[in-house]
Amino acid sequence: MGLCKKFKLSFFVFFFFFFGTLSPCLSEHAQKNDGVSLSFPLTSTPLSVNVSSSPRFASSVVANGRTSARRNLPPRRPSSSSSFKSTFKYSMALIVSLPIGTPPQVQQMVLDTGSQLSWIQCHKKTPSKSPPASSFDPSRSSSFSVLPCNHPLCKPRVPDFTLPTSCDQNRLCHYSYFYADGTYAEGNLVSEKFSFSGSFVTPPLVLGCATESKDAQGILGMNLGRFSFASQAKITKFSYCVPTRQTQPGSQSTGSFYLGNNPNSAGFRYIDLMTFAQTQRMPNLDPLAYTVALQGIRIGAKRLDIPPAVFRPDAGGSGQTMIDSGSEFTYLVDAAYNKVREEIVRLAGPRLKKGYVYGGVADMCFIGDAMEIARLIGDMAFEFDKGVEILIPKEQILADVGGGVHCVGIGMSERLGAGSNIIGNFHQQDLWVEFDLANHRVGFGKTDCSRSAM
């Protein structure tokens, strides 16, 4: 997963169905539900605090080895003209709350386009400690089941699913998932439904039921793998909008997450995703990531002298450029990072905090008036073909990393043992990002994400 977290704040969650599109997998009565609108209660949930000095890096890199039943009426599946919208709180990681099980239990999950396995925090009773109230209780769900050891997914080296699995003492399929900063999740692989309402239910999906984890939230794996949430639920389109960070204590900002068509998409501009054949498996390539053909980086009016080949996979797969909602910062290979740093030093070098490297990966850091430094640097843009770009206004160039220090939100990927370029959620603020899986493309639309959440 591309999960980068520093601090977590409290957040509110609101769900709302809009007119849109889900795939036939979620559509049993396609001609009868032309449009459904459902709302869920607004809830406030305190999130745990993680102040590790080493930001968590892209799970897509790690995951691929580079690191009592209750009766309900039969549900009707949503139609092909329905879509699901929820809101998340932006708190470094992008958090959505989704209803899982029968009857549904709302679970907090990190929206992660960089990983495949979805997992939730499961209820674990111990003599000395009560489980968190927000954890999932399997005994309360009539649709919950655990995968046995003889399940095909519990065998090692399943193509496109390299999760380490084993057989536990109960002959159930056990998994362990480790991330680059040393955090982990482990438990059993299970089958469960996402129950958006009595009328909107997914088929049973494979996900992890974590009983050991340092995190308060689970993961919603949304990459191109066959066992991601998007693939299993046969969702052909999803999008999200990351709001601008709030720097005032106690302040909160909310963005949106759509499953299905987004009513704002008329203004989106699209670029094609790069795809890789089965025969193109390279040791440093993540073929399941959302890979884009980045053309260049611009700071102010100056396009940096970085060859486009730096942003493309080489013969070994290094240089891949990915869009990752689960990574906080953007990461660049040295050939690109050094050019960015060279220009930052030219523009604001006297203000650099000498000898300071945030998290061991980011050394473009400053002490002083952040807005004054941002004005010296100017706007930044990631340029793609067809004139499409991700424009980062100068007000969003610097990240507050604490202690009066502000850093350009870019790190060196090779210091983490990965030769990849990753565009993280820090550089997706106030931007619609849509993944159109049916057409193998990604769309961008500039907006005020806090207004888009209304």
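For W119, W432, the sequence from fewest to most other C-beta atoms within 10 Å is W432, W119.
Only counting other Cβ atoms within 10 Å, I'd like I390, I323 sorted with the fewest neighbours first. Don't skip to the answer; put the middle values down first.
Working: I390 20, I323 27.
So the residues, fewest neighbours to most, are I390, I323.
Phi-derived couplings, Karplus 6.51 cos²θ - 1.76 cosθ + 1.60 at θ = phi - 60°, listed residue by residue for region 301-311: 9, 9, 8, 5, 7, 10, x, x, 4, 4, 9 Hz, with x used for Gly and Pro. With the highest mean first, a sort of the peptides 304-317, 402-415 on other beta-carbon atoms found within 10 angstrom per residue produces 402-415, 304-317.
Using the number of other C-beta atoms within 10 angstrom as an exposure proxy, rank H440, H174 with the fewest first. Show your work: numbers first, answer last.
Working: H440 13, H174 21.
Fewest-to-most Cβ neighbours within 10 Å comes out as H440, H174.
Each Cα pair under 8 Å and six or more residues apart adds its sequence gap; the mean of these over the residue count of region 265-452 is a relative contact order of 28 percent.
Per residue, what volume in Å³ does the convex hull of the Cα atoms of region 265-452 enclose? Write out the running numbers ahead of the final one.
Values: hull volume 23.2 nm³, N = 188.
Output value, Cα hull per residue: 123 Å³.
Annotation: amide H-H contacts under 5 Å for G411 (H modelled 1.01 Å from N, sequence separation of 5 or more, or interchain): T330, Y331, L332.
Coordinate-derived values only; no laboratory data. None of these values were measured; they are calculated from a predicted model. Every residue, glycine as well, gets a Cβ built from its backbone with ideal geometry; the counts of neighbours run over all protein chains shown.
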